[in-house]
Each structure stands twice: as structure tokens, then as C-alpha cells.
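The values are calculated or read from the model by the stated rules, or taken from the named source; none is laboratory data. Nothing here was measured: the structure is a model prediction, and the numbers come from that model. Positions of Cβ are backbone-derived with ideal geometry, glycine not excepted, and every protein chain shown enters the neighbour counts.
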Amino acid sequence: MNWLLLLVIFGLTAVLQVLVAGRSGLWADEVFSLALATGHSLEHAAAVADPRRGDFVEPNYPVPAEEFSRYLKHDDPPANPARVVRAVLLSDTNPPLYYLLLYGWTIVVGTSDIALRLFSIMCALACLPLLAGIARRTGAEVFSSCVLFAFSPLGIYYSTEGRMYSLLWLCVLATTWFSLVLQQRGEGIAVYALWILTSVAGFLTHYFFVFPWLAIVAYLSIAPGKLTKLKLAVCLFVTVVLIFPWYIKLPESLATWRITQDWLKWRPPGFYRWVASLELVVQPFSGGDYRISNAAALILFGLIGMAMVSRLRIQVFGKHRLLLWLSFTAACVGPLAFDLVQHTYTVAVPRYAVAALPFAYLLAGVGLACLSRHARFTMLILIILAWAPTVLGIYRSGWRGWSPLREISRAACTNAGPSDLILVHSIPSGVLGIARYAHHSAGLASWVGQLGTRRVPESLLELANGRTRIILVKVHEVGEPAPEENWLRANAVVFDETDLGSGKIVDFRPRGAKTF
């Protein structure tokens, strides 16, 4: 493929992703990323909180919004990387590499919304040259594979989210690339070192990296090429040794109580495991929530698959294409295997199979390589058109996830004054998200029910004392009841009530008095 075309795709992708990234506020998981990257733990039990190390603590009284939003900024002086690792151990069930890299990134470029997301965009853009190199070595049509990766709704969404998924793609693709180089050349200590480095990076980015990685290792065992099995074994051994210091702590980390623990064990409404598993397989190809677009996209990819099978027949799994099939399958099946062992509902969460995405488009590139140039170009145009409504929807909505924190915060804080109380019922990342976008003089208080530090009515009376209004904001509750809302409905007057996305805003006024 002409490198000029790759540069054009690179430029268009960068512009599109930056435009999308700037449209919406952060959602709770992105707030969580920013807090941990600045050395602040959010999900710990109240009894283990250490304010000197930046841990989240519920104030006993209303405070300015800035008191909460400081958890999303670097301290002065900034925390050291060891405190970031400690925050990850206390709060997250993911490895620390993403947060450590984000720590360095935000020290340089700041902690604004776009700064957070630019790190993910940079990782996604770095995937394109690797994708092109893998396509060339596996018989996929390079231009087509890169276009599909660049303009897919799923790719755009996760490339512009302040989470570790585009870094996961980068690690997976880099490991795949170096695997093909080792298989075909089998020499060069630098390449072995880079294979180990990218494998370690993947294991320290997301635990589900193990699924495509095992597929890559299986492929190298089946078709080692010029890579001897002894050298492969040495690479595996060194990789295990390097990740051991973190993984030895994994049982302790997973056993630690967290505010959102066991949420993967909640059965979603209308859940059917095999339907959810099938959705993980087709999600890279689908047109999103638009029925016609979705059907059109799946039909187009189905035609590409039929052309690939018709042209290649049994060779569809031949040569290096087997690596793509194994990696795609492992990334999709891995969450299902995890569920069967852990009795969870991971397959209901699409992002846990997102490592399959680049392999899906490489396989589609193999199919498109079987078509004539005119047919290939026509298919690409039709696929992009089928995807366009979803891409436009991501851009226009201004909402990300199912908790539009920026919009909820602005709606709740409209006309809020010094005598008002904004009471946020949420997990800490939801509270911090509301505070991040709050521009008002009202006092702000959190009600994190999972922490067990609030009591009804004692805590509520203390927080509300002397206030003319209580604006209750419920968002990203993670299944926690709101007894404070029940008490307010029974003892105050509901002046106004608004639903905004998954959030609810209720304006309470005193009953028979000017203040609470």
C-alpha cells in the first residue's frame, strides 16, 4: 500500500477522533481513570482511607465543588508513581500500566477532558502502522483493514474514551507483529526483547490480554517457522518472571473490598448468555443501535466472508491467517470462559471482548483482498455509509456511557445559590464527575451508601440544616438504595423532578418553613 494513503488515513482518523473526543464530558469510568492516575484511591472501604495519601473521604458537611474535584488533579507537588500503584491496588481490578503512563502524560499535558482522551487517541493512532504491517504479512488488504479500523463506530468510541482499551489494542497488535517477525526471521535479540516487552505491557494493561496472547503463543507453537521452540520457551519464561511481582499480588487485590465489587455477578435484565456471546462476536461489524444500519453492515460483512470462503476454501485458515482466526476467537470466547469459571456476566459487557476488534478488520481485509479493486472499493464505501449513522450519533449526542455527568451537573446546578445543597447519591467517581462540571456557589455533599458513613435522618438533617433547597442528584448508583430520597419525599415538598439519561434530579423544598 502506498504510504501516502496510510498517512491520509492517519490524518483523517486523528481529526475525527479529536472531534468526537471534544464533544462529550467524562463519564464515571473516565473520572475513575483520572483519579487513579493522579494518585487518588476512590473504591476503598471508609475504614482504610488515608487522606494524607489522597484517598477519597466523605466530608461530614457540605463543601465547595472544588473540594471534590481536587481528586481529579495532581497534588502540588504531584504524587509519586508508587502512590498511583497503591491507588490501583486499593481501587481497581485492572493492572497499573495504563494509570502509570497516564500519570506521566497528565503531568505534561494536564488533566482536562481532552488531555485525558488524547492519550487514548495517541495509542489508537499508533495501532495503524502495526495493523498495516500485520495485514501485509497475513494476506489482508492493507488499505481496507486500516480504513475499517479507523472508521468503525466501535473503534472510534473506544479510541476516544479515557480508559485502557486503545492501549490494549496497541499491546496486542505489537505482540502480534513481533510474533510474525520472529516466525519469519527467527533472529535478532532486539526483536525477542521487544516481543517480551509488549507481552509484559499487555499483561500489565488488562487481565483479558491473556486470551489473545495465549492464541498467539498457540499459533507460534503450531507454526514456529524460524522461531525455535526453545527460544519461544525462554521468551515465555522471561515474560512470566517480569509480570510475577504484580501478579503475585493479584489474589490479595481481588479479595480487597471495593465499592463496586461483585457488580459483574448481577444478572442483567433479559440476559441470555449465548445471545450475549454472539453479540460479542458480531459487535466489530455491526452498525450499532440503528436497525437498518446494523442489518446493512452485517450483510455486507457476510458477503465479504462468503467471498473469502469461496475464493480461499480450506486455505482460509492457511499460512498466517490462522493467527488472525485464533486471536479473534480467543478474544471473543475468553469472557465466556471467564464467566463459566467465575459465575459472572462478563459477556454482557461489550468492552471485555474489544481486543478482538483489530483482528476482525484484518480478517475482513483478507476477504476484501479476494475481491476486485472496484468491488473492494464499493464494499468499503457501503460499509462506511452503513456505519455513518452510529458515528454521527456518537458525535452529536454529547453523552458517553449511560451517565452524562456534565449535562446532569449543569442541569442540577442551574440557579443554585449559597443557601442550596447539592446532594449527590452515587459512587465516588460519580460524585467527582458532578463536582467537576459544577459551577455554582451552593454547598455540595456526597451520599455514597456503600461506604456506610451516612445515616437517615441524622446525617441528612446535619447536611441540610439551614438550607432553602436540597437538590438530590442520583447517578451511577451501582444498585445502592437511596434511603435519603425516601425520607425527603416523606418530609419535604418535591418542587421539580427531572430525568436526564440514567440520572435523576429532584428539587426538594422545606415543608411549612423557609429552611430545613
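Would you point out which residue out of Ser327, Ser293 is in contact with a Phe, Trp or Tyr (Cβ under 9 Å, 6 or more places away or on another chain), hydroxyl-bearing (Ser, Thr, Tyr) and more than 23 Å from Ala218 (Cα to Cα)?
Numbers: Ser327 fails: more than 23 Å from Ala218 (Cα to Cα).
That would be Ser293, the only listed residue that is in contact with a Phe, Trp or Tyr (Cβ under 9 Å, 6 or more places away or on another chain), hydroxyl-bearing (Ser, Thr, Tyr) and more than 23 Å from Ala218 (Cα to Cα).
Looking at (1) loosely packed, with under 13 Cβ neighbours inside 10 Å; (2) within 22 Å of the chain's Cα centre (by Cα); (3) part of a helix (DSSP H, G or I); (4) not aliphatic (A, V, I, L, M), find the lone condition where Ser253 falls short.
Among (1) loosely packed, with under 13 Cβ neighbours inside 10 Å; (2) within 22 Å of the chain's Cα centre (by Cα); (3) part of a helix (DSSP H, G or I); (4) not aliphatic (A, V, I, L, M), the lone unmet condition for Ser253 is (1).
When residues of the range 207-237 are filtered for being surrounded by fewer than 18 Cβ atoms within 10 Å (Cβ to Cβ), not charged (D, E, K, R) and not in a helix (DSSP H, G or I), how many remain?
4
Met1 versus (1) outside any helix (DSSP H, G or I); (2) modelled with pLDDT of 95 or more: which is the lone unmet condition?
Result: Met1 fails condition (2) only.
Could you identify the single residue in Leu194, Leu264, Leu204, Leu182 that is touching a Phe, Trp or Tyr at 6+ places or on another chain (Cβ under 8 Å), buried (at least 17 other Cβ atoms within 10 Å of the Cβ) and free of Cβ contacts under 8 Å to residues at least 40 places away in the same chain? Write out each step before concluding.
Values: Leu264 fails: free of Cβ contacts under 8 Å to residues at least 40 places away in the same chain; Leu204 fails: free of Cβ contacts under 8 Å to residues at least 40 places away in the same chain; Leu182 fails: free of Cβ contacts under 8 Å to residues at least 40 places away in the same chain.
Of Leu194, Leu264, Leu204, Leu182, the one residue that is touching a Phe, Trp or Tyr at 6+ places or on another chain (Cβ under 8 Å), buried (at least 17 other Cβ atoms within 10 Å of the Cβ) and free of Cβ contacts under 8 Å to residues at least 40 places away in the same chain is Leu194.
List the strands (runs of 3 or more DSSP E) inside the range 403-516, counting only whole elements, that have at least 3 residues being touching a residue at least 60 places away in the same chain (Cβ under 8 Å).
Numbers: elements: 420-425, 443-447, 469-474, 493-500, 503-509.
It comes to 420-425, 443-447.
For Tyr157, only one of the following conditions fails: (1) surrounded by fewer than 22 Cβ atoms within 10 Å (Cβ to Cβ); (2) without any contact (Cβ under 8 Å) to a residue 60 or more places away in the chain; (3) of a type in the set (Ser, Thr, Tyr). What is its number?
(2)
Matching residues to (1) modelled with pLDDT under 95; (2) closer than 19 Å to Ile427 by Cβ; (3) surrounded by 12 or more Cβ atoms within 10 Å (Cβ to Cβ); (4) of a type outside the set (Lys, Arg):
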| position | (1), (2), (3), (4) |
| --- | --- |
| His476 | yes, yes, yes, yes |
| Glu480 | yes, yes, yes, yes |
| Leu488 | no, no, yes, yes |
| Val494 | no, no, yes, yes |
| Gly501 | yes, yes, yes, yes |
| Lys504 | no, yes, yes, no |
| Phe508 | no, no, yes, yes |
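For the structure I just gave you, tell me whether Leu362 is under 30 Å from Gly393 (Cβ atoms) and in contact with a helix residue (DSSP H, G or I) (Cβ under 7 Å, 6 or more places away or on another chain). Give the derivation first.
Working: under 30 Å from Gly393 (Cβ atoms): yes; in contact with a helix residue (DSSP H, G or I) (Cβ under 7 Å, 6 or more places away or on another chain): yes.
Considered against the rule, which asks whether it is under 30 Å from Gly393 (Cβ atoms) and in contact with a helix residue (DSSP H, G or I) (Cβ under 7 Å, 6 or more places away or on another chain), Leu362 comes out as yes.
Let's see how each residue does on (1) at pLDDT below 95; (2) over 27 Å from the mean Cα position of the chain (by Cα); (3) β-branched (Val, Ile, Thr); (4) surrounded by fewer than 20 Cβ atoms within 10 Å (Cβ to Cβ):
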{"position": "Leu357", "(1), (2), (3), (4)": "no, no, no, no"}
{"position": "Met379", "(1), (2), (3), (4)": "no, yes, no, no"}
{"position": "Arg410", "(1), (2), (3), (4)": "yes, no, no, yes"}
{"position": "Asn415", "(1), (2), (3), (4)": "yes, yes, no, yes"}
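Which residue pairs have Cβ atoms under 9 Å apart, sit 6 or more places apart or on different chains, and have a first residue in the range 139-153 that is in contact (Cβ under 8 Å) with a residue 24 or more places away in the chain and a second that is part of a loop (DSSP other than H, G, I, E, B) and among the polar types (S, T, N, Q)?
As it stands, the answer is Phe143/Asn2; Pro153/Ser286, since those pairs meet every condition given.
Of all residues being farther than 23 Å from Leu118 by Cβ and of a type in the set (Gly, Ala, Ser) in the range 15-62, which is nearest to the chain's Cα centre (by Cα)? Just the residue, please.
First pass over the range 15-62, keeping only residues farther than 23 Å from Leu118 by Cβ: 41, 43-62.
Filter again for of a type in the set (Gly, Ala, Ser), leaving 41, 45-47, 49, 54.
Details: Ser41: 18, Ala45: 24, Ala46: 26, Ala47: 29, Ala49: 26, Gly54: 24 Å.
Among them, the one singled out is Ser41.
Got a sec? Which of Leu280, Leu264, Leu204 is over 30 Å from Val391 (Cα atoms) and in the same structural domain as Tyr361 (by TED's automatic domain parsing)? First the steps, then the outcome.
Working: Leu280 fails: over 30 Å from Val391 (Cα atoms); Leu264 fails: over 30 Å from Val391 (Cα atoms).
None of the others qualify; the one that does is Leu204.
Would you confirm whether or not the range 114-128 contains a residue that is of a type outside the set (A, V, I, L, M), under 18 Å from the mean Cα position of the chain (by Cα) and either surrounded by fewer than 19 Cβ atoms within 10 Å (Cβ to Cβ) or not in a helix (DSSP H, G or I) (or both)?
Initially, the range 114-128 is screened for residues of a type outside the set (A, V, I, L, M), giving 117, 119-120, 123, 127.
Checking the rest, the ones that are also under 18 Å from the mean Cα position of the chain (by Cα) come to 117, 119-120, 123, 127.
Subsequent filtering for residues that are either surrounded by fewer than 19 Cβ atoms within 10 Å (Cβ to Cβ) or not in a helix (DSSP H, G or I) (or both) retains none.
No; the residues of the range 114-128 include none that is of a type outside the set (A, V, I, L, M), under 18 Å from the mean Cα position of the chain (by Cα) and either surrounded by fewer than 19 Cβ atoms within 10 Å (Cβ to Cβ) or not in a helix (DSSP H, G or I) (or both).
Any residue that is aliphatic (A, V, I, L, M), in a loop (DSSP other than H, G, I, E, B), assigned by TED's automatic domain parsing to the domain that holds Leu214 and in contact with a Ser or Thr (Cβ under 8 Å, 6 or more places away or on another chain) - is there at least one of those in the range 163-173? Let's see the steps before the verdict.
Filtering the range 163-173 for residues aliphatic (A, V, I, L, M) gives 164, 167-168, 170, 172-173.
Filter once more, keeping what is in a loop (DSSP other than H, G, I, E, B): 164.
Now restrict to residues that are assigned by TED's automatic domain parsing to the domain that holds Leu214: 164.
Remaining after also requiring in contact with a Ser or Thr (Cβ under 8 Å, 6 or more places away or on another chain): 164.
Scanning the range 163-173 turns up at least one residue that is aliphatic (A, V, I, L, M), in a loop (DSSP other than H, G, I, E, B), assigned by TED's automatic domain parsing to the domain that holds Leu214 and in contact with a Ser or Thr (Cβ under 8 Å, 6 or more places away or on another chain).
Quick check on my filter: what residues within the range 257-295 are of a type in the set (Val, Ile, Thr) and in a helix (DSSP H, G or I)? Spell out how you get there, then give the answer.
Taking the range 257-295 as the starting set, the residues that turn out to be of a type in the set (Val, Ile, Thr) are 259-260, 275, 281-282, 292.
If the condition is that a residue be of a type in the set (Val, Ile, Thr) and in a helix (DSSP H, G or I), then Val275, Val281, Val282, Ile292 are the ones that fit.
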